[in-house]
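The values are calculated or read from the model by the stated rules, or taken from the named source; none is laboratory data. Given the structure is predicted, the values throughout are model-derived calculations rather than measurements. Cβ coordinates were reconstructed from backbone atoms using ideal geometry, including for glycine residues, and neighbour counts include every protein chain displayed. Ligands, DNA and RNA are stripped out before the accessible areas are found, and what is left, the full protein with its side chains, is counted by its heavy atoms. Shrake-Rupley method; radii C 1.70, N 1.55, O 1.52, S 1.80 Å.
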Amino acid sequence: MIKAFRPARALAFGLTGLLAVSVAACGGSAVSSSQASGPVGKPQQGGTLTIGVQSQPLSGLDPIMAQAFNAKVMASQFYEGLLSLGPSGQIEPALASSWKEVSPLEYTFTLRKNVKFHNGDVLSAADVVYSLERIVNPKQNSPYETLYELKSVTATGPDSVEIKLTAPQPSLLSLLAQPWSGGIVDKAWTQTKSRNDLMTEENGTGPFKLVSYQPGSVISTARFAQYWDQPEPYLDAVDYRVIPNESTLVQALESGSVDMGQVSLPSDMETVKGRGLDVGPTYQIGTEWMALNTLTGPLANLKVREALSLGLNREQLIQIASQGTGVLASSIPPVDPNGCQMSPSSPYYSYNPTQAKQLLAASGQKNVTLTLQIQSSATESLQTVQLMKQQLSAIGITLNIDVVPFNTLVNNLESGNWGSDMLTLTSALNADASQYLALWFSKGAPSTKVNSPQLWDMMSSALQETKGSAARKADYQSICNYIAQNVYQIVPFASPSYWDVWSPKLHNFDADVTQTRLYLKNAWLG
């Protein structure tokens, strides 16, 4: 019997510049903005790379708490999983040199020999058992806890681990391949540290180790000389300089005072590209989520929701609000391996103001007024909702925009006391496609504002789909179509959250779809 879809115990969503979660495998469409830096001669050892970042890690350096995007950027250099993601999204060995699927409910892993943590401790099976049990321990409140179906994790020898599941889990290997959702820690070291210690200290097996942490200023790292994958990394050091303002970051990139950074505005991307800097691929990651309260208020009426969707000119939103970089999307970003591909023929996706007015008249509701909450720092999303307000006024819907602090919006979402008809957040890539849906539609969760047993059944089935990736992708496409048919959520478009930008003197760097620089260890300065 398929179990009920579990509500997430912690938010698993991404906000542009604030929160992000990783992709299960690097898939989906991408358009290159410029050529990635290719190898130039033989790799050279040495040099310090300076990276401009928007802020220090908001959720700290502990990998199982690394929900903030800037925390994942750090975790990807300090920590590793049993497995890793290859450039094309393939699962590859990492701390485990090999693995075997004994059955859909049992996996075995053989650990790599003589892997060391940054403090010199040698990796053991006990560390792996501790790390995975720690992730799913409810007391830790890790955002990745509910993604696992672990029954037991057992050390079957000093270098071997057995994982047993309570149910088939197609996403298991992908979760174990992320430095955050599957990051392995040193048991002895971690047990001596408080939660506050783990915010600013680390002891992983990754290619770089922490040297100094200056809050709001600079986080310095150095090459880990005993890294298991020699001769990598090639860089001697990587410094992360906090530069909150994007225009200041662009100036720093142009002047060469920083070697790498990320920009969110298409105009800034074009500017730095015009200055001869390398720009990574375009990934339509940032999905504009407009969550609807379908339980109370005007949006409890299906005809009003249908009118709302038909009253939006998504093509105009893409051209103006995203400056032409967006694509039609649904709850699961199209760039995700299980992402949904939407089109003008998707239910209620075409712009039809005449039909929208007819539906409003048939709804029996007059002078429909909706309140939408948006976080105060989301300037890009504000442009989107302001244009939506203009479009909806043409069909007779008044949209009031309530700009609130980020913490207020999140508290309203978590408590279920929205104080509005709609909430707006921007997604990033999740460790598993089920996370996008869990945030908004988990049965019994305070944040859920739909009552749909059919949707919950579809979500449960997709979560445990065992017929392969194609079948799972089809399941999620059906869910997205069902959400669109019932207008449980409005998604105007998905557009890039960031573009990776770096100096041409950095060679052999490949920007990955997680945008956390998973392959920085391969790069060198020359």
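The length gained on full extension between Ser212 and Ser257, counted as 0.36 nm times the residue separation minus their Cα-Cα distance, comes to 14.2 nm.
On the chain, 49 percent of the accessible area sits on carbon and sulfur atoms, based on a 1.4 Å probe. The distance between label points at Lys193 and Ser377 comes to 2.4 nm (points 7 Å beyond Cα on the Cα→Cβ vector). Centre-to-centre, using Cα atoms only, the stretch 210-251 and the stretch 308-346 are separated by 36 Å. Each DSSP beta bridge with both residues in the chain is either parallel or antiparallel, and the antiparallel ones are about 75%. Between the stretch 56-104 and the stretch 408-449, the C-alpha centres lie 25 angstrom from each other.
Length gained on full extension, Lys389 to Gln230: 51.7 nm, using 0.36 nm per residue less the C-alpha separation. With a simple spin-label model that places each label point 7 Å from the Cα along the Cα-to-Cβ direction, the separation between Thr369 and Asn400 comes to 0.5 nm.
Against the chain, whose longest principal axis comes from its Cα atoms, helix 246-255 is set at around 40 degrees. If the chain linking Ala361 and Gln454 were pulled fully straight, counting 0.36 nm for each residue of separation and taking away their Cα-Cα distance, it would gain 30.6 nm.
Annotation: Met342 carries an accessible surface of approximately 20 Å², with a 1.4 Å probe and no ligand, DNA or RNA atoms counted. The modelled label-to-label distance between Tyr482 and Glu133, using points 7 Å beyond Cα along the C-beta direction, is 3.7 nm. Take the chain with all the other protein chains still there, run a 1.4 Å probe, and you get 36 Å² of accessible area per residue.
Here the Karplus curve 6.51 cos²θ - 1.76 cosθ + 1.60, taken at θ = phi - 60°, turns the phi angles of the stretch 217-222 into couplings of 10, 9, 10, 9, 10, 9 Hz, with x standing for Gly and Pro.
Note that the stretch 412-423 has calculated 3J(HN,Hα) couplings of 4, 5, 5, 7, x, 8, 4, x, 7, 8, 9, 10 Hz, one per residue in order, obtained from phi through the Karplus relation 6.51 cos²θ - 1.76 cosθ + 1.60 (θ = phi - 60°); glycine and proline are x. Computed from phi, the 3J(HN,Hα) profile of the stretch 133-142 under the Karplus parametrisation 6.51, -1.76, 1.60 (θ = phi - 60°) reads 5, 5, 4, 8, 6, x, 5, 7, 6, 6 Hz, with x in place of Gly and Pro. Placing a label point 7 Å from the Cα of Ser55 along the Cα-to-Cβ direction, the residues of the stretch 384-410 whose backbone N falls under 15 Å from that point are 404-410. Over the chain, Cα pairs under 8 Å with separation of 6+ residues give a relative contact order of 25 percent. Between amide H atoms placed 1.01 Å from N, distances below 5 Å from Lys116 occur with Leu123, Trp228, all of them 5 or more places distant or on a separate chain. Over the chain, dividing the summed -39,500 (n - 2.57) contributions of all DSSP H runs of at least 4 residues by the number of residues returns a 222 nm mean residue ellipticity of -8000 deg cm²/dmol.
Relative contact order for the stretch 415-498: 22 percent, from Cα pairs under 8 Å spaced at least 6 residues apart, divided by residue count.
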